[in-house]
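Accompanying notes for the structure given below.
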Amino acid sequence: MPSIITHAAVPLALWCAADRGRIPPWLLGAGVIAAMLPDADVLAFALHVPYADAFGHRGASHSLLFAGVLAVLATLLALFGSRRPWSAPLCQPRLASTVQAAAFVFVCAASHPLLDALTSGGLGVALAWPWSEHRFFAPWRPIRVSPFAPQFFSARGLATLLSELRWVWLPLAGAVIAWKLIHPAPAAPRDPS
């Protein structure tokens, strides 16, 4: 796996690339949590669930179904978490923000197993769970696999962070900069007074 810190890179890059205010703070927070949450499955080790089990590390929580469930939760949060009463009609802006929340959280959550599939170790990711328990790896795996917590602050942990900087953070920063150059922010309307 990339380090837990690097899983936040995708939601942060999307937020930076978006027009100011397009992704509200609550949605950015939900995206960061969704991008990191699949690694909560490391608790399975404490419960003696084998790594290769469907509910082991990189199993069910690394599936596209799990990303979809998180997207549904974001949809419910967007629909019912607003300050509007529940009986308010579903108007066009509210519907758009709900779809945006679902799409954003799905992409953030799905980025986690996709980044893990690019790592040099582990058993692969169960992207198609529950339909298949096959563990997938990308054909190209340039990112060093992150050591678990006790070894993270070691030479191996530093090498992992440098690998993540090279293969995740710098490409995403370059993509954001390129996007901003191609699609500059809209000019603010001038006050006629």
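The values are calculated or read from the model by the stated rules, or taken from the named source; none is laboratory data. What you see is a predicted model; the values in this text were computed from it and never measured. Using ideal geometry, Cβ is built from the backbone for each residue, glycine included, and neighbour counts are taken over all protein chains shown. Just the protein is used for accessible areas: all its heavy atoms, side chains included, with ligands, DNA and RNA removed. Shrake-Rupley method; radii C 1.70, N 1.55, O 1.52, S 1.80 Å.
Taking segment 106-136 on its own, how many of its residues are of a type outside the set (S, T, N, Q) and either in a strand (DSSP E or B) or closer than 20 Å to Pro171 by Cα (or both)?
As a first pass, look at segment 106-136 and keep what is of a type outside the set (S, T, N, Q): 106-110, 112-118, 121-131, 133-136.
Applying the additional criterion that residues be either in a strand (DSSP E or B) or closer than 20 Å to Pro171 by Cα (or both) yields 107-110, 112-118, 125, 136.
Number satisfying all stated conditions: 13.
Find the residue count for segment 43-59, including only residues that are surrounded by fewer than 17 Cβ atoms within 10 Å (Cβ to Cβ), in contact with a His (Cβ under 8 Å, 6 or more places away or on another chain) and in a helix (DSSP H, G or I).
Going residue by residue through segment 43-59, those that are surrounded by fewer than 17 Cβ atoms within 10 Å (Cβ to Cβ) are 43, 45-55.
Keeping just the survivors that are in contact with a His (Cβ under 8 Å, 6 or more places away or on another chain) gives 45, 51.
Imposing the further condition that a residue be in a helix (DSSP H, G or I) reduces the set to 45.
Residues in segment 43-59 being surrounded by fewer than 17 Cβ atoms within 10 Å (Cβ to Cβ), in contact with a His (Cβ under 8 Å, 6 or more places away or on another chain) and in a helix (DSSP H, G or I): 1 in total.
What is the one condition in (1) modelled with pLDDT of 90 or more; (2) open to solvent by 80 Å² or more (accessible area, probe 1.4 Å); (3) among the hydroxyl-bearing types (Ser, Thr, Tyr) that Ser163 does not satisfy?
Condition (2) is where Ser163 drops out.
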